[in-house]
Amino acid sequence: MNEIFDLQAYLSAGVEQVVADALKATLKDPRESAFLVKFAAASRAASKKRRESEDAGEHIPSYLIASITSACNLHCAGCYSRCNNATVDAAPVQQLTGEEWLRIFDEADELGISFILLAGGEPLLRRDVIEAAGKKQNILFPILTNGFFIDKRYFELFDRCRNLVPIMSIEGEKEATDARRGKGVYDRLVTNMDEFHRCGLIFGTSVTVTTENLREVTSARFLDSLAERGCKVVIFVEFVPVTDEAKELAPGDGERDYLRREIARLRAERPEMVYISFPGDEKESGGCVAAGRGFFHINSHGGAEPCPFSPYSDVNIRGSSLREAMHSPLFTALRSGDILTDDHDGGCVLYEKRALVEALLAAQEK
């Protein structure tokens, strides 16, 4: 693939900008700022490792997404993970162990990976993995959680291990959140936020952006309510339809342009919080950064996948190193072809072009 810019420099600059923004957002919290100063140095060292690998002909992604369990207690409307059968009510026994996840985190640290997003299912069901992540202070672990299992022991762990940052999922205000996630979820989230604020602990929120809630979740009223409760990070995740009936909820070009402009404005006018968009403007990053260009996904059973919305794998991390997984035939084919940079209707190019991904995978298996 013919890159039109330096992808490694683009991704490294993005990581460093997130860290710098987070430091500004926590200036009033000496303990949080002290951790972020140390992490900023570790992040620069990790960027240097990735640059050295790049110069040697090997591209290392700056972050990973790790779905550490397939179990979840909620049944959120339109959940892509349940529709893909990646999330269930009870976790099967063959999921990766805490020791296996720690080995993955160790390898990521050695390669220079700075961020690992812990997802699920509901990741806080795997306290053993969360505790293992807390030991890796050179890596920042945002934890994408519904908030139901945050208890006294977790508050103590988050206080001890400042590299663990809970990111609670919310859909807007009470009506929108409870409509998608279930009655009482909003009140539970607010209670958690107030306790985090009282304890002086950093936390963030994740918002699934649809055509229905776009204006609400970028409104001053909603963002004020988060800032007043001490929220420091807002991750806007574009809704990816997994059924034909849900396509009308996916942001189109107009909505994505609006979100991009709003995020630029919020970063300039409201530095008390960090604003991240996923997948963001793929045109600026030369296309989709999945399949190891910028990140890849490891599912709860160890399968290395291009991204959570593209659940296809030809290698399991149980039988390979992290470095070997990044060079799997499927990932290599995706990075060397045109799929990641193809035009698409929005959301996720790999989900929209899943037939092509399936064909690539089938070709590798022959």
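Residues are listed down the side, and each one gets a yes or a no for (1) touching a strand residue (DSSP E or B) at 6+ places or on another chain (Cβ under 8 Å); (2) open to solvent by less than 30 Å² (accessible area, probe 1.4 Å); (3) assigned to a loop (DSSP other than H, G, I, E, B):
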site	(1), (2), (3)
Glu212	no, no, yes
Glu216	no, no, no
Phe222	no, yes, no
Val234	yes, yes, no
Ala246	no, yes, no
Pro251	yes, yes, yes
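Among the residues of the stretch 123-145, the ones that are open to solvent by 10 Å² or more (accessible area, probe 1.4 Å) and among the polar types (S, T, N, Q) come to 2 in all. Kindly evaluate Tyr186 against the criterion of being at pLDDT 95 or above, of a type in the set (Ser, Thr, Tyr), open to solvent by less than 30 Å² (accessible area, probe 1.4 Å) and outside any loop (DSSP other than H, G, I, E, B). The answer is no for Tyr186.
A Cβ distance below 6 Å, combined with a sequence gap of six or more or placement on separate chains, defines the contacts here; from the stretch 89-114, residues that are more than 30 Å from Glu54 (Cβ to Cβ) reach residues that are among the small types (Gly, Ala, Ser) and assigned to a helix (DSSP H, G or I) in the pairs Gly98/Ala132. Within the stretch 30-44, the set of residues being open to solvent by 80 Å² or more (accessible area, probe 1.4 Å) and within 17 Å of Ser114 (Cβ to Cβ) comprises Val37, Lys38, Arg44. The residues of the stretch 143-163 that are modelled with pLDDT under 95 and either assigned to a strand (DSSP E or B) or under 18 Å from the mean Cα position of the chain (by Cα) (or both), listed by number, are Arg162, Asn163. Once the stretch 313-361 is narrowed to residues that are at pLDDT below 85 and of a type in the set (Lys, Arg), the residue that is most open to solvent (accessible area, probe 1.4 Å) is Arg354. The residue of the stretch 84-122 that is farthest from His301 (Cα to Cα), among those that are of a type in the set (S, T, N, Q) and open to solvent by 50 Å² or more (accessible area, probe 1.4 Å), is Asn84.
Mind checking which residues of the stretch 52-83 are in a helix (DSSP H, G or I) and surrounded by fewer than 16 Cβ atoms within 10 Å (Cβ to Cβ)? Spell out the reasoning first.
Of the residues in the stretch 52-83, the ones in a helix (DSSP H, G or I) are 52-55, 80-83.
Listed by number, the residues that qualify are Glu52, Asp55, Cys83.
Checking Glu212, Glu255, Glu228 one by one, the residue that is in contact with a His (Cβ under 9 Å, 6 or more places away or on another chain) and closer than 22 Å to Arg181 by Cβ is Glu228 and no other.
The values are calculated or read from the model by the stated rules, or taken from the named source; none is laboratory data. Keep in mind that this is a model prediction, so the values were computed, not measured. Ideal geometry is used to build each Cβ from the backbone, glycine not excepted, and the neighbour counts take in all protein chains shown. Ligands, DNA and RNA are stripped out before the accessible areas are found, and what is left, the full protein with its side chains, is counted by its heavy atoms. Shrake-Rupley method; radii C 1.70, N 1.55, O 1.52, S 1.80 Å.
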